[in-house]
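Presented below is the structure to which this report refers.
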Amino acid sequence: MLLKNKIQPILLALIFLVVSCNAQTKAFSKTKKSNKLEHPSLILTKSGVEKIRAQLGNVPLFDETLAKVKAEVDAEILNGIEVPIPKDFSGGYTHERHKKNFLILQKAGVLYQILDDEKYAKYVKDMLLEYAKIYPTLPLHPQIRSYARGKLFWQSLNDSNWLVYVSQAYDCVYNYLSEKERKYLEKDLFRPFAKFISVDNPKFFNRVHNHATWGNAAVGMIALVMDDDKLLETALHGLKKDNIDPNEKDNDGAFIKKKGQKVGFLANLEEPFSPDGYYTEGPYYQRYAMYPFLVFAEALQNVKPALKIFEYKDGVLLKSINTLLNLTDAEGNFFPLNDGQKGMSYYSRELVSAVDIGYYFGGNNTDLLSIAKDQGEVLLDDTGLSVAIGVRDGLATPFIKKSINLSDGKNGDEGGVAILRADGSKNELTLVMKYSAQGLSHGHYDKLSFSYYEGGNEVIQDYGMARYVNIQQKGGGNYLKENTTWAKQTIAHNTIIQNETSHFGGDFETGSLNHSEKYLFDVFNVNLQVISATETNAYPGTKLQRTMVLIKDDTFENPYLLDIIKINSETENQYDLPYYYLGQIMSANFKYSVPEVLKPLGTKNGYQHLWNEGEGKSESGNAKISWFNKERFYTLTSAVSNEDELIFTRIGANDPDFNLRNDPGFIIRKKNSKDTYFVSLLESHGHYDPVSEIATNAFSNIKNLKIAYSDDAYFAISIETINNENSLFLFSLKDNSKNSKHQIKIENKTYEWIGAYQLTEINKKL
C-alpha cells in the first residue's frame, strides 16, 4: 500500500506555493510563493533531524552506520581538500578524486545536521567554494570519448552524479552559509552546472535513458534547494527545444531521441518501466538508476507532496524495488542481463537507499527489513532511521524470492523475463529466461536466452558485459570493443543462432522495434513450472519457440531443467545452440577429435572470438556431457541426430589484449535444417568432498531422452532414467488455455490431458 498515512510531519513552519497538478502528466502551475523554503528539506527534514538526534544511542543499525560514516569523513577532513583539474578517465586519479568528493560532501552535510558539529559544515563550505573557483574556467573534459563530454568527468553522466549528491550537501549547510556565499555558489557553480547538464547538453538531458535520469534528477535536486520552480519544470519535463539531430547516436550506436518522444524525469519514469517495475535496460542499470529515481522522488515527496510522485504510474517506483530484489541470485547478485557486470548486488549503496526509501514510503513492508539487516547499514535520514527502528524492534520478516514473470515495455506488452525457482537438496535452483524487448542501447541480441543458477553459483552463464568498471588499465574503465564484437552478439548467449548471424542482423534499430512474446507462464505447481515464449522477428521467415520446464521429481536428487526449442522456417538453415557451462569436463558419451592447432570457429558476429577446441558426433541418439564445478556435478543430455555436430569451444580467440574471460562452451549444430527441434535436459547431482576425497552421485540419472511425438500442434518428450522409470512431457503448441482438452497417439497408445501441458509417468519404454 502506497504512503499508508506515511507522509512525514515535515517542514514545520513551511507554507509552499499552491500548485495545481495532474501527477500523471502535467507540470506545476505558476502561483505566488507565500513563504521561503526551509532547510534541510530534500532527504533530511527539520523534524526528521530532531527525531534522529532523540534516538541516537538507542538504534544499533543507525548508530553503527553513523559511526562508520563519521570515521570516513573525519579521515577525509584530515586529508584536506583536493579539487584537481580534471584529466582522467574513470579509474584515474582526478576521476576518482572528484567521485570521492561528491560522496564525502553528501555525508559531511548529513553529519553536520545530525551531530550539529560545525567542522562538517565548514568542510562542505570550503570544498564548494573551491569548486566555485575552478568551475567557470573549466573547458570540456580533455578525454574525448563520450557523446556528451562532461567538465569534472569525461562524461556528463558523472557530472550529474556529482550534482545529485552535492545538492544534498548544499541543502544540509544552506543555513550555515551566508546569503553572500549562497549567491556566489549559485551564480558561479550550481546554476552554470545545471545549465551545462541540460541546456548545453540536450542530447544527454533530453532522452529516455539512465543517463538522462541522472541529469534530470541532478537539475531537479538543485532546483529544489534553490526553490526554483522554472528549473524544476525543466527537470520534470525536459527542455522544450533541443535541436537534436535525429540521426545523432550515442557511444553504443543508439539514436539519441525518437521523433516526438517525451522527455524529462517523468518520461523516464513512464517509458522504461513496465507495470511490473521491470526496467528495460536490465537489473544492472536498473540498480544504477534507482538512486536518482528514488532520491529525487523522496525530495519531491518532501518538498512538493502535491505531485504524489510515489503514486505515479500506479506506484511503479515502489514496485520496482521488489522487482529488482527478485532479479538476484541466492547471494543477492543481480542477474547480468544485457550490459551487466557480474558481482553487482543488493549490497550496493543504491540498493541501501532503495530498501530504506521503499520501506518508509511503501507501507513498511517488513520483508525489506531482512534485506536491510543483511546490508548492515542504512541511510542517515528519516527513512534509514525508520528501517533501523524496525530492525531493532524485531519486525523483520524473510524476503522470499518466488518464481515470477516480469513484463517488459511501457505497457507491459513487450515480452519479459521469467524466473523459475525450486528448492534443491543443498541450494535453490534458479532459471532466468529472457524474452524481453531490446533494452535500449544497453541491450543484447539474445532473444529466448537463459541462464541457470544453483544457489549463488552459475551453472549455465550469461556472459554479461565486456567492461572492467573503473579499472584504468582496461580502456580507462569504459566499455571495451569486445562488448560489441562479442558480449552483445547472439553467439555469446545460450540461445539459437541462425547461419552464424546475430538476431536482427545485430542492428540496434531493428532490434528495438521487436520483442518476443510470452506463450505460457505457469508456476502454480511448484513441482512442475513452465515458461514458453516465441520469437518471429529475430530471423525473418523463421519462428522460434522455446519451452523450459523446471521439474521436481523424487527420483532425481535435484530438480532438473527440460529445454525444448522448436524451429519452423521457410528455408533451410544452419542452427547453433550454445550452452556456456562453467567448470571442468568430466566425460562425454560420444567420440570427438581435438585439433592440434586451435582456430576460431568463425570470422564475424562473435564467432571470431570462439576457439574450436574439439568436434564430434553421436550415434546413440543422445549427446551427454558431464562437468564438475564448485564441488557439484552437472550433466547435459541432448537428443541429437547422427548428423548433428557437437562442438567444444572456448572464449578468447582474436583477443590480443586479453579482454575476454576464457570460459568454455558446448555447441549443438544442425545443418541444412528447415523445421527442427533442440531438446536437452540439465541435471545437478552429487558432491565431491576434497577433504575426504569421496565423490557421491557423480553420474547422470538419465538413460535416454528423445522426442516421442511432434507435429505442428503438439510435441511429447520421453525421459527415461537409468532405473527404467519413464515419464512423458506433453505440450500443446497452439492452445495454451488451462481448460482445453488435448489428445495424441504415440505407438498405438492414446494420451489425453487438460491444459497446455502435462507430465505423465508411464510404465513402459516408448
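The numbers here are math on the coordinates, done by the rules we state, and not lab data. Note that the structure is predicted; figures quoted are calculated from it, not measured. Heads up, the Cβs are rebuilt from the backbone with ideal geometry, glycines too, and the neighbour counts pull from every protein chain shown.
Using 5 Å bins from zero, what percent of all Cα-Cα pairs in the stretch 645-719 falls into each bin?
Taking every Cα pair in the stretch 645-719, the percentages come to 3, 9, 12, 13, 16, 15, 13, 10, 6, 3, 0.
At 0.36 nm per residue, minus the direct Cα-Cα distance, what do Ser641 and Ser620 gain on full extension? Give it in nm, one decimal, please.
Numbers: separation 21, 0.36 × 21 = 7.56 nm, distance 0.83 nm.
So the chain would gain 6.7 nm between Ser641 and Ser620.
Could you work out how far helix 210-225 tilts from the main Cα principal axis of the chain, as a 0 to 90 degree angle to the nearest 10?
20
In sequence order, what are the phi-derived ³J(HN,Hα) couplings for the stretch 130-145 according to the Karplus relation 6.51 cos²θ - 1.76 cosθ + 1.60 with θ = phi - 60°, rounded to whole Hz, with x for glycine and proline?
Listing the rounded values in order: 5, 5, 5, 5, 8, 4, x, 9, 6, x, 4, 4, x, 7, 9, 9 Hz.
So for the pair Val469, Asn629, with labels modelled 7 Å out along Cα→Cβ, what separation do we get in nm?
Rounded to a tenth, the inter-label distance reads 2.2 nm.
Check which residues have an amide H placed less than 5 Å from Tyr714's amide H, if you skip close sequence neighbours.
Close amide H contacts, sequence-distant or interchain: Leu733.
For the pair Arg349 and Glu82, how long in nm is the line joining their label points, each one 7 Å along Cα→Cβ?
With each label point 7 Å from Cα toward Cβ, the separation is 1.6 nm.
Please list log₁₀ I(q)/I(0) at q = 0.17 Å⁻¹ for the stretch 397-548, using the Debye equation with identical point scatterers on the alpha-carbon positions.
-1.03
Helix 312-326 versus the longest principal axis of the chain: what angle, 0 to 90°, nearest 10, using Cα atoms?
60
What is the spin-label model distance, in nm, from Arg53 to Arg661 if the labels are put 7 Å beyond Cα along the C-beta direction?
My value for the distance between the label points is 5.0 nm.
Asp245 to Lys36: FRET efficiency via 1/(1 + (r/R0)^6), r the Cβ-Cβ distance, R0 45 Å, to the nearest 0.05?
Working: r = 42 Å, r/R0 = 0.94.
After rounding to 0.05, the efficiency reads 0.60.
So the label point goes 7 Å from the Cα of Asn568 along Cα→C-beta, right? Which residues of the stretch 702-718 then have their backbone N under 17 Å from it?
Counting backbone N atoms under 17 Å from the label point, the list is 709-716.
Output wanted: per-residue J couplings in Hz (rounded whole) for the stretch 533-541, from phi through Karplus 6.51 cos²θ - 1.76 cosθ + 1.60, θ = phi - 60°, x for Gly and Pro.
Values per residue, Gly and Pro as x: 9, 10, 9, 10, 10, 4, 10, x, x Hz.
Run the paramagnetic zone check for Thr721: 7 angstrom along Cα to Cβ, then residues of the stretch 681-701 with backbone nitrogen under 19 Å.
Output list for this probe position: 681-687, 696-701.
Using r as the Cβ-Cβ distance of Glu517 and Lys674, and R0 as 25 Å, what FRET efficiency do you calculate, to the nearest 0.05?
Efficiency, from the Cβ-Cβ distance: 0.70.
Extension gain Gln341-Ile707, at 0.36 nm per residue separation less the Cα-Cα distance, in nm? Could you put the intermediate results ahead of the total?
Working: separation 366, 0.36 × 366 = 131.76 nm, distance 3.78 nm.
So the chain would gain 128.0 nm between Gln341 and Ile707.
Between Glu428 and residues 5 or more places away or on another chain, which pairs have amide H atoms under 5 Å apart, with H built 1.01 Å from N, and which residues are they?
Long-range HN contacts for Glu428: Gly455.
Please give the length that would be gained between Lys230 and Arg145 if that part of the chain were fully extended, namely 0.36 nm times their separation in residues minus their C-alpha to C-alpha distance (nm, one decimal). Provide the component values of the computation, followed by the final result.
Details: separation 85, 0.36 × 85 = 30.60 nm, distance 3.22 nm.
Gain on stretching Lys230 to Arg145: 27.4 nm.
Between Glu752 and Asp314, take the C-beta separation as r, use R0 = 60 Å, and let me know the FRET efficiency to the nearest 0.05. Don't skip to the answer; put the middle values down first.
Values: r = 42 Å, r/R0 = 0.70.
It comes out at approximately 0.90.
At q = 0.09, 0.14, 0.19 Å⁻¹, what is the log10 ratio I(q)/I(0) for the stretch 522-653, with the Debye formula run over Cα points and no solvent?
These q points yield log10 I(q)/I(0) values of -0.35, -0.86, -1.38.
What percent of all Cα-Cα pairs in the chain falls in each 10 Å bin, counting up from 0?
Answer for the chain: a P(r) of 3, 13, 23, 23, 17, 12, 7, 2, 0, 0 percent.
Return the sequence-ordered ³J(HN,Hα) values of the stretch 497-508 in whole Hz as given by the Karplus equation 6.51 cos²θ - 1.76 cosθ + 1.60 applied to θ = phi - 60°, using x for Gly and Pro.
Once rounded to whole Hz, the list reads 10, 9, 6, 6, 10, 5, 3, 6, x, x, 9, 4.
Calculate the dipole size of the stretch 701-766 relative to its Cα centre from +1 charges on Lys and Arg beta carbons and -1 charges on Asp and Glu beta carbons; express the result in debye to the nearest 20.
On the way: 9 positive and 8 negative charges, 14 e Å.
Value, rounded to 20: 60 debye.
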